[in-house]
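Shown next, in structure tokens, is the structure this report addresses.
The values are calculated or read from the model by the stated rules, or taken from the named source; none is laboratory data. Note that the structure is predicted; figures quoted are calculated from it, not measured. Because the Cβ atoms are built from the backbone with ideal geometry, glycine has one as well, and the counts that use them run over all protein chains shown. Remember, those area values only see protein heavy atoms, side chains included, never the ligands or the DNA or RNA. Shrake-Rupley method; radii C 1.70, N 1.55, O 1.52, S 1.80 Å.
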Amino acid sequence: MSLNDTPRSERLHIGIFGRRNSGKSSLVNALTGQAASIVSDVPGTTADPVYKAMEIRGVGPAVLIDTAGFDDEGGLGALRVAKTREAADKTDVALMVFTGAPCAEELEWTALLKVKGVPVIAVLNKTDRMNGDEREAALRSVKAATGLDAVPVSAANGEGVAALREALLTALPEWEDLSITGSLCRAGDTVVLVMPQDIQAPKGRLILPQVQTIRELLDKKCRALCATSDGFSAALASLKEPPALVIVDSQTFAEIYPQVPPGVKLTSFSILFAGYKGDIAAFAAGARALEKLTARSRVLIAEACTHVPLEEDIGRVKIPRLLRRRFGAELTIDFARGVDFPADLGGYDLVIHCGACMFNRRFVLARIDEACAQGVPITNYGIALAWLTGILDKVSLGAEVRP
């Protein structure tokens with residue numbers, strides 16, 4: 001990936017859902033203009049979801065997700081449907097593909113996506129196989145059953161694909177314009193970024209949240225001054241006036257906080273991404289559960305990355321060490337990595353999630369919703385570290401709150 005490529009986590013995720021042989025894969029190929037998915041008349045050809053990154057005019061960088069049919073059967077079919085459900089949690093906009101009058105499963109999945117707050121576009125596919133009366137009858141049936149005006153499309157000959165792209169433009173999520181730094185800084189402000197080289201980052205590179213934050217500050221016409229933690233005091237001394245904002249790696253809160261001039265806002269990359277990728281209000285509320293932990297408590301630490309743990313890893317070493325130092329060595333800590341996340345969170349007293357730079361916002365919100373639905377508090381690495389450092393009430397959480 002070049003430095004100018006948009007990471008998958010920052011792309012609009014468009015999920016294509018429907019029964020087996022409804023033409024989902026053909027639709028992906030028609031939208032992308034290339035053979036991104038295998039097409040076959042054999043039911044169940046698509047097993048694991050296929051993710052295809054592309055640019056859609058007017059929409060911008062997107063990921064098309066070709067899912068397995070939700071009517072798949074048998075033991076293997078159940079596993080495929082589980083993957084389709086996982087893809088639904090990542091979906092920002094859903095295309096529900098019909099080939100005629102809706103069946104019960106299509107209605108069930110349409111309702112499921114709507115409950116998740118996912119905009120749904122109904123697509124009547126394979127219209128090249130219908131005469132005029134059949135097509136109009138199918139469109140009326142979809143409208144009556146779902147309340148949606150289906151876009152008639154033939155993935156085989158491309159008819160209606162342009163209209164479908166236009167429909168996507170009207171279905172973009174309201175939070176597409178979310179900002180990382182929100183109202184914490186504005187044009188002309190000086191922002192100091194304290195960026196110790198993360199042990200997980202390849203040599204000579206910065207981790208993604210740092211790069212994205214710098215890019216946004218430049219777009220906002222701010223002055224970005226970067227320093228390592230041991231060079232922070234020298235960076236401040238080089239300024240004629242104190243900065244408007246200091247952004248740190250959460251691991252350096254204890255070191256940097258005493259050096260921050262009075263009246264200067266302080267936050268961390270992880271806290272900023274708690275609002276940018278998730279629900280800052282829910283994460284802040286979840287941090288209150290830290291006050292109630294005991295040596296008999298059980299905590300789940302969830303990471304978006306699946307890297308091999310290295311020395312002093314923040315999620316697998318530093319946070320567990322701070323928690324056990326505070327609440328006792330007997331504290332039980334489990335880990336969820338990558339897309340793995342327990343369906344049953346009932347045994348946990350708290351979930352602590354990473355900044356999720358590798359996940360899209362919808363996926364993080366789905367995890368927050370799942371935790372809240374089960375009555376389990378959930379917070380974020382940066383917020384938890386600020387609490388454990390004793391300065392949570394002194395850091396800026398930003399202004400972004402989930403719509």
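For an R0 of 25 angstrom, estimate the FRET efficiency from the Cβ-Cβ distance between GLU159 and ALA104 and round to the nearest 0.05. Display every interim value, and only then the final one.
Working: r = 28 Å, r/R0 = 1.13.
Calculated value: 0.30.
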- request: For region 75-125, just the Cα set please: Rg and Dmax, both in angstrom.
  value: 11.3, 30
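Could you size up the charge dipole of the chain around its Cα centre, putting +1 on the beta carbon of Lys and Arg and -1 on that of Asp and Glu, and report it in debye to the nearest 20?
Details: 45 positive and 48 negative charges, 163 e Å.
I would put it at about 780 debye.
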- line: Note on region 251-403: the mean projected area of its alpha-carbon convex hull, in nm², is 8.9
message: Quick check: pseudo-label points 7 Å beyond the Cα along Cα→Cβ at SER238 and LEU76, how many nm apart are they?
response: 6.0
Dipole magnitude of region 247-378 about its Cα centre (Cβ charges: Lys, Arg +1; Asp, Glu -1), debye to nearest 20: 240
- prompt: How much of THR146 can a 1.4 Å solvent probe reach, expressed as accessible area in Å² and rounded to 10?
  reply: 20
- line: SASA check, MET358, accessible area w/ 1.4 Å probe, all protein chains in place, rounded to nearest 10 Å², comes out at 110
- request: Determine the gain in length on full extension of the stretch LYS292-ARG324; use 0.36 nm per residue of separation and subtract their C-alpha separation, reporting nm with one decimal.
  value: 10.2 nm
- prompt: Hey, how much of the P(r) for the chain falls beyond 42 Å, as a percent of Cα pairs?
  reply: 21
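For the pair ALA373 and GLU255, what calculated FRET efficiency results from E = 1/(1 + (r/R0)^6), where r is the Cβ-Cβ distance and R0 = 41 Å, to the nearest 0.05?
Numbers: r = 38 Å, r/R0 = 0.93.
With a Förster radius of 41 Å, E is 0.60.
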field: Ranked order, ASP128, ASP344 - accessible area, probe 1.4 Å, largest first
entry: ASP344, ASP128
- prompt: Fully extended, how many nm does the chain gain between ASP230 and SER183 (0.36 nm per residue separation, minus their Cα-Cα distance)?
  reply: 14.1 nm
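Around ALA62, under 11 Å between beta carbons, what's the net of Lys plus Arg minus Asp minus Glu among the other residues? It would help to have the intermediate numbers written out before the result.
Values: positive: ARG8, ARG11, LYS52, ARG57, ARG165; negative: GLU10, GLU55, ASP92.
The answer is +2.
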message: Tell me which of ILE16, GLN374, LEU388 sits at the most positive position along the dipole axis of the chain, charges placed on C-beta atoms (Lys, Arg +1; Asp, Glu -1).
response: LEU388
field: Orientation-averaged projected area, Cα convex hull of region 52-105 (nm²)
entry: 4.9
- request: Just need the relative contact order of the chain here, percent rounded to a whole number, with Cα pairs under 8 Å and 6+ apart.
  value: 14
- prompt: Solvent-accessible area per residue for the chain at a 1.4 Å probe radius, Å²?
  reply: 45
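Stick to Cα atoms and the Kirkwood definition of Rh, then tell me Rg/Rh for region 311-388.
On the way: Rg = 12.7 Å, Rh = 13.4 Å.
Rg divided by Rh gives 0.94.
Between LEU112 and ARG215, what is 0.36 nm times their sequence separation minus the Cα-Cα distance? Round to one decimal in nm.
Working: separation 103, 0.36 × 103 = 37.08 nm, distance 3.63 nm.
This chain segment gains 33.4 nm when fully extended.
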query: Projected onto the charge dipole of the chain (+1 at Lys/Arg Cβ, -1 at Asp/Glu Cβ, origin at the Cα centre), which of LEU365, LEU172, VAL192 gives the Cα projection farthest towards the positive end?
result: VAL192
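Could you state the orientation-averaged shadow area of the convex hull built on the Cα atoms of region 270-360, in nm² to one decimal?
On the way: hull surface 24.2 nm².
So the mean shadow area of the Cα hull is 6.1 nm².
Which FRET efficiency value, to the nearest 0.05, do you get for GLU134 and TYR51 by plugging their Cβ-Cβ distance into 1/(1 + (r/R0)^6) with R0 = 45 Å? Intermediate values should be presented prior to the final figure.
Values: r = 34 Å, r/R0 = 0.75.
For R0 = 45 Å, the calculated efficiency reads 0.85.
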query: Per-residue accessible area for LEU266 at 1.4 Å probe radius, Å² rounded to 10?
result: 10
